[in-house]
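Data block below; observations after.
The values are calculated or read from the model by the stated rules, or taken from the named source; none is laboratory data. Worth saying up front: this structure is predicted, and the values here are computed from it rather than measured. In this analysis, Cβ positions are derived from the backbone assuming ideal geometry, glycine residues included, and neighbour counts consider all displayed protein chains. In case anyone asks, the SASA skips ligands and DNA or RNA and just uses the protein heavy atoms, side chains included. Shrake-Rupley method; radii C 1.70, N 1.55, O 1.52, S 1.80 Å.
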Amino acid sequence: MAAAVPLPYRAFRTLMSERGDALHRLGRDGIYDRGRMMAPGGLLLLERMVGMSGLQPGSRVLDLGCGRAQSSCYLASECGCFVTALDLWTPADQRLTCGDESNAKAPSILHLTGDFRRGLPAGSGPFDAVVALQSFHAFGANRAAIRYAARLLRSGGKLVLGQTCFSRRPVLDAPPFNACGGFHTDYATYQTLAWWRDHIESEHQFRTDHAEECSDGDVMWEDHFLYMGERAGWSREFLVNFSWLGEQIRFGRKGGPHLTHLMLSATKL
């Protein structure tokens, strides 16, 4: 019998299958890669990004901060794209396992290990799209990153982001956001949708086509917290390690600044 959800979190909401085809087809294990390094939203968020990106079979895509390359596998197998998968922290051999699991065609994914800020190998690009799922905040919050993303794209190419943001800027050195389980280095870069839109356009390299705060972006956080708690059997260890996140989500449900998600697509001028 599954462990009961602890009382403080019983009001948290789950994502329903009608919210996205990926969730209906893959289930929560699929969109979250069975809890292996997939952030809130997972492949459900990526599916929505693809829907606003204009990607076509044969499109050349740079997948920035690909992690285990779940997103790269989706772009290759579901969208028919030729993908260059770039990540600094996950070795390429671990990403290839993901490709085997999803039956992605290996020749359609080129795996690179490196830091986007240090540049890609000579000859990379031009790409039809640069896609960043839950990663751009880690390296894109400076103007040099925007200029470099533009250099990698063909004229008319797309920069497509899907990531965590705040509904409005919180006070990060006050409760509950000053307790963050070691993720404090990310919090200052989450920003808001308006900040990211202005930032992307600041170098006059891009025109924003679509920018929205997901209507269920906060639910993605609640569902992911419930999913991870269920996988852990709501163990004492899980609660000790992640109660800080549960309290931040509860704070947002009460009307405070809350963690949510944005989607943004911009065209290179």
Could you pull out every whole DSSP H run in the chain that spans at least 15 Å of Cα extent along its own axis and averages 0.5 or higher on the Kyte-Doolittle scale?
42-53
Could you tell me the relative contact order of the chain? Use alpha-carbon pairs under 8 Å, at least six residues apart, and round to a whole percent.
22 percent
Debye, to nearest 20: dipole size of the chain, +1 on Lys, Arg Cβ, -1 on Asp, Glu Cβ
340 debye
For segment 202-248, what percent of Cα pairs sit more than 12 Å apart?
71 percent
Within the P(r) computed for segment 34-93, what percentage of the Cα pairs occupies the region above 20 Å?
21 percent
Give a quick list of chymotrypsin sites (Phe, Trp or Tyr not before Pro) in segment 2-92 that DSSP marks as loop, anything other than H, G, I, E or B, with at most 16 other Cβ atoms within 10 Å.
Trp89
Overall Cα dimensions of the chain - principal axes, largest extent first, Å
54, 40, 32
Counting only heavy atoms of protein chains, what accessible area per residue, in Å², does the chain have with a probe of 1.4 Å?
46 Å²
Expressed as a whole percent, how much of the Cα-Cα distance distribution for segment 164-210 exceeds 18 Å?
39 percent
Can you give the convex hull volume of the alpha carbon atoms of segment 1-73 per residue, in Å³?
130 Å³
For segment 112-211, give the percent of accessible area contributed by carbon and sulfur heavy atoms, probe 1.4 Å, rounded to a whole number.
49 percent
I want the antiparallel fraction of DSSP beta bridges within the chain, as a percent rounded to 5.
45 percent
Those trypsin sites (Lys or Arg not before Pro) from segment 1-62 that are DSSP loop and have at most 14 other Cβ neighbours within 10 Å turn out to be Arg10, Arg13, Arg36
Using the charge dipole of the chain (Lys, Arg: +1 at Cβ; Asp, Glu: -1 at Cβ; taken about the Cα centre), state which of Val130, Gly255, Met52 has its Cα farthest towards the positive end.
Val130
How would you order 61-67, 126-132, 255-261, 227-233 from highest to lowest mean count of nearby Cβ atoms within 10 Å?
61-67, 126-132, 255-261, 227-233
Taking every pair of Cα atoms in segment 116-232, average 1/r, invert it to obtain the Kirkwood radius, and report Rg/Rh to two decimals.
1.01
Cα lying deepest toward the dipole's positive end in the chain, options Leu86, Met228, His24, charges on Cβ:
Leu86
